[in-house]
Every structure is written in C-alpha cells, then in structure tokens.
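Working notes, structure below.
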C-alpha cells in the first residue's frame, strides 16, 4: 500500500460521513416539516369547528332576540291601543 491509497481511504470515509450527515439532516428537516403541517392542519380543523359552533350559537341568539323584539312590539302596540281608548 502506498501513502496515496491510505489517504484516499480517509477521504472516502470523510465523504461517507458527510453524506450520511447530509442525508440525516434532510430526513430530520422533512420529518419536522411534515409534523408542522400536521399540527397546523389539526389547529385549523379545531378553529373551524369552533367557528361553526360560534355561528350556530349566534344564529340561535339572533332568533331569540328577534322573537323577543316581536313580542315587545306587540306589547307596545297593545299598550298604545289601551292608552288611546282611555283618552
């Protein structure tokens, strides 16, 4: 063996290690990116569910307020009618 072949063996090992580190880095970044997207999707789904619930509650409240206002208008109309008959 010559000194050149021993040197090449060292460069081969260095290249292998650097390639392995680069591959692991890409793998870790990919896994973290996918995990981030999964978490984002779950948060978005939860937010959408909460918004749907809020819309339903607001529609119920709007309906209840509408009914209450209708009842109040009827009462005021009846009171006005009574006041006119008293005059």
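Using a Gaussian network model of the chain with C-alpha springs under 10 Å, which one of 57, 42, 73 is most mobile by mean-square fluctuation? So, out of 57, 42, 73, the one fluctuating most is 73.
State log₁₀ I(q)/I(0) for the chain at q = 0.15, 0.24 Å⁻¹ as given by the Debye formula over alpha-carbon point scatterers of equal weight, solvent excluded. Each listed q corresponds, in turn, to -0.83, -1.07. Stretching the chain fully between residue 37 and residue 58 yields a gain of 4.4 nm (0.36 nm per residue, less the alpha carbon separation). The long axis of helix 3-86 is offset from the longest Cα principal axis of the chain by roughly 0 degrees. Just check the range 26-74 against the gyration tensor rule for me: Cα atoms, a ≥ b ≥ c as the square roots of the eigenvalues, rounded for a/c under 1.5, and otherwise prolate or oblate depending on whether a/b exceeds b/c. Prolate, because a/c is 1.5 or more and a/b exceeds b/c.
Bear in mind these aren't lab numbers, they're just calculated from the coordinates by the rules spelled out. Nothing here was measured: the structure is a model prediction, and the numbers come from that model.
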